[in-house]
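Remarks on the structure that follows.
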Amino acid sequence: MTAFTAEQLANLATRALLYEVSVNPKPGLVDPVSSGPHPDMTVFTFINSSLSLQPYLLFCAQTGLDWPGDLPALFQALRPAGMAAEQAMFAATDGVNTHKGAIFSLGILTAAVAYEQSRDLTVRQVVQQMLVGLTAGDFAATAAKTDAELTAGERLYLEHGLTGVRGEAEAGYPSVFDHGLPMLRQATGTLNQRLLDSLLAILSHFTDTNLIHRAGTTAILPVAQQQAQAILATGGTHTQAGMRLLEQMNADFLKQNLSLGGSADMLILTIFTGLVEGVI
Ligand SMILES: CC(C)(COP(=O)(O)OP(=O)(O)OC[C@H]1O[C@@H](n2cnc3c(N)ncnc32)[C@H](O[C@H]2O[C@H](COP(=O)(O)OP(=O)(O)OP(=O)(O)O)[C@@H](O)[C@H]2O)[C@@H]1O)[C@@H](O)C(=O)NCCC(=O)NCCS
Ligand SMILES: Nc1ncnc2[nH]cnc12
């Protein structure tokens, strides 16, 4: 695989953010045609947010390239920059949470791709070694928090044992490497079609805490997964029947105010990895 400079990797990561929000029609998500169940956001909010994250993404890439070895320490070196990037995002979006999860996940993956270029490890192994113990460590602190201090993810952990983005990250992003990326590699048609099919492959097997948080019940999870599986089984974006089911899912999610913010982040990671591999 070609060795990239930090600037090149940061550019690919920024492109992944911009490509994701451009894909249409995405159920429960913002795109150029519709803000979906996000009245506080538009595609322009995401463009502003993406551009505000460029310095952070460059920091993650350069830190990964230069890192001498200990991988858990690499993740710890990124966290303060991630917290600062959240503030840059909020400044660019007038306080709207566009990419909080993407700051966490794309920062980790950008650093991991940079680090892996000169090592005999897979990117997934680097991510897993960076994040070993993350879920246990982060959630151990929740017991001491008041209810008002808990994030959506922490609350779902305490109530349902769901580990959200932390569990997905510590497992090495199976939704990306086992579902989104394999679909992207073999998907055909326009780039928009290929990325929609990749999102559906992610949705088919994914535990999105945004979806559960908005629905107020974990029962929504198998419903959404089965809808995505049915669309793919009907030909996905390559048949009129598949597109009708996708448009229907889009309308259903708008009507029920359901968000797939976590799934969008996994599509961002899938696109970034596809750009690095050269399959896009
Ligand atoms: C580490 C944190 C990011 C963890 O945050 P939290 O405790 O809240 O944990 P989760 O809820 O599990 O996840 C946080 C965000 O991650 C995305 N996400 C959700 N589920 C998953 C999953 N299973 N796998 C991967 N990623 C997941 C999601 O982010 C996206 O959705 C947000 C937009 O959707 P929306 O519904 O609009 O969200 P809200 O506005 O919050 O809700 P409404 O009010 O509108 O209803 C957006 O953030 C997307 O990115 C989850 O929201 C955090 O605690 C943390 O430590 N952050 C600091 C940064 C950091 O650590 N950086 C490290 C640098 S490497
Ligand atoms: N397109 C999108 N819409 C809503 N939330 C998102 N989080 C990341 N991308 C998103």
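The values are calculated or read from the model by the stated rules, or taken from the named source; none is laboratory data. None of these values were measured; they are calculated from a predicted model. No Cβ is skipped: glycine too gets one built from the backbone with ideal geometry, and neighbour counts run over all protein chains shown. For accessibility, only protein heavy atoms count, side chains too; no ligands or nucleic acids. Shrake-Rupley method; radii C 1.70, N 1.55, O 1.52, S 1.80 Å.
A few remarks follow.
- Of all accessible heavy-atom area on the chain, the percent that carbon and sulfur account for (1.4 Å): 56 percent
- With contacts taken as Cα pairs under 8 Å at a separation of at least 6 residues, segment 175-214 carries a relative contact order of 45 percent.
- The chain: mean projected area of Cα convex hull, nm²: 13.6 nm²
- Whole-Å semi-axes of segment 145-280's equivalent ellipsoid (Cα gyration tensor): 27, 19, 11
- Every pair of different Cα atoms in segment 56-191 enters the Kirkwood calculation, which places the hydrodynamic radius at 16.2 Å.
- Based on protein heavy atoms only, segment 4-132 ends up with 40 Å² per residue of surface accessible to a 1.4 Å probe.
- Listed residues Leu199, Ala92, Ile103: farthest to the positive end of the dipole of the chain (Cβ charges): Leu199
- When the inverse distances between all different Cα atoms of segment 155-208 are averaged and flipped, the Kirkwood radius reads 12.0 angstrom.
- Given charges at Cβ of Lys, Arg, Asp, Glu: the chain dipole, positive-most of Ala215, Thr270, Val33: Val33
- Value of relative contact order over the chain, rounded to a whole percent, pairs C-alpha under 8 Å and six or more apart: 24 percent
- Distance between segment 211-280 and segment 34-51 - C-alpha centres, whole angstrom: 18 Å
- Charged-residue dipole, Cβ positions (Lys, Arg, Asp, Glu), the chain about Cα centre, Debye nearest 20: 400 debye
- Leading residue at positive end of dipole, the chain (Cβ point charges), from Ser118, Gly153, Leu258: Leu258
- Working from Cα pairs under 8 Å separated by at least six residues, relative contact order for segment 1-50 is 25 percent.
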